[in-house]
1. Quick one: residue 201 ticks every box in (1) touching a residue at least 60 places away in the same chain (Cβ under 8 Å); (2) in contact with a helix residue (DSSP H, G or I) (Cβ under 7 Å, 6 or more places away or on another chain); (3) farther than 17 Å from residue 53 by Cα except a single one, so which number is it?
2. Of everything in the range 197-210 that's closer than 18 Å to residue 158 by Cα and part of a loop (DSSP other than H, G, I, E, B), which residue is modelled with the lowest pLDDT?
3. Which residues, counting only those in the range 95-113, are exposed (fewer than 12 other Cβ atoms within 10 Å of the Cβ) and under 17 Å from residue 55 (Cα atoms)?
4. Taking the range 358-367 only, how many residues are under 26 Å from residue 156 (Cβ atoms) and modelled with pLDDT under 95?
5. Name, by its number, the condition in (1) modelled with pLDDT of 95 or more; (2) buried (at least 20 other Cβ atoms within 10 Å of the Cβ) that does not hold for residue 330.
């Protein structure tokens, strides 16, 4: 996926598309109501669609907002629209029924176009009442919201900020707050439909009790099966007191978020020297490069390359089986927040103030350099940084100290 190409299309095609959809709504509203801002009449809260396309972690952070809707409007039918490869992050929450999770496939431009049209057709046939656009100023998701056929359309608005233009057809424009956690921003979206006459929306404090933390519990059979797979690779797993997970790859889209692989290698060696532990390197296919470098540094005796060997379900079971995870900000960090693992998340180009995973077992490290965070909704998450010193500033000593406390607190693992 070429992010720069996507940004260019979103800008040069998205701006005129949003303008013309806005113009169409303005004409239709004047014809129907005589004036544009006529209050919605007879709109119910029966069928609500959430749109969060590109971020698995953000889909998990949206769980409190979806749970709030179900509590506030019993009997409401929730729908969710997401890119096909990210669908698992919605399914594991067990909030939206599988048949109401809509997907867009981005494997190729033609497939993308056809699956988008198919998703729009399903959305319009569903006769939705409300659409919540959770994306931060994406014009594509805004257009989907405008074309879904719902009378109530909720999304982030620029107001007087230098945000990205994305049309004027949202019926509820919420002020995106870059100083509040994204879970709170998402809750502000859903709470906006209960309020009228406020400028900007939403003038309400988000209560801690609304920040419901989702969880995922693995079955005993699944844990035993996974442990057997690991033991077949390295029999030391069977007698090790601790399993330590490392996720050294930050992905090809935002590699600037990665902690230096040399630090992971040094951390692995120190863990193995001090604890009766096995270090397991996880990640997708591209993470094999980092795994090879780590194993080359510490040897295979107590280190396993488990990259590209897990489904999303396997990864969640592994997170419940192991004691500690060290990872950069990203999807695995948010998956870990659903489980019992001690979750150590390293931030630099983005900030834990906005994106810290939910869950009581998470510790975030952030050096707080003057230039951090440099990725934001206002720059389409594009940074000019070529030397992420914010990540290098997080030392192995800092991380090892937290890992040591976490492993000591974990004690000896019980047999699975």
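The values are calculated or read from the model by the stated rules, or taken from the named source; none is laboratory data. These numbers were taken from a predicted model, which means no experiment stands behind them. For neighbour counting, all protein chains shown are included, and Cβ atoms are generated from backbone atoms with ideal geometry for every residue, glycine included.
1. (1)
2. Here the residue is 197.
3. Of everything in the range 95-113, just one residue is exposed (fewer than 12 other Cβ atoms within 10 Å of the Cβ) and under 17 Å from residue 55 (Cα atoms), namely 107.
4. 2
5. Here residue 330 meets the rest and fails (1).
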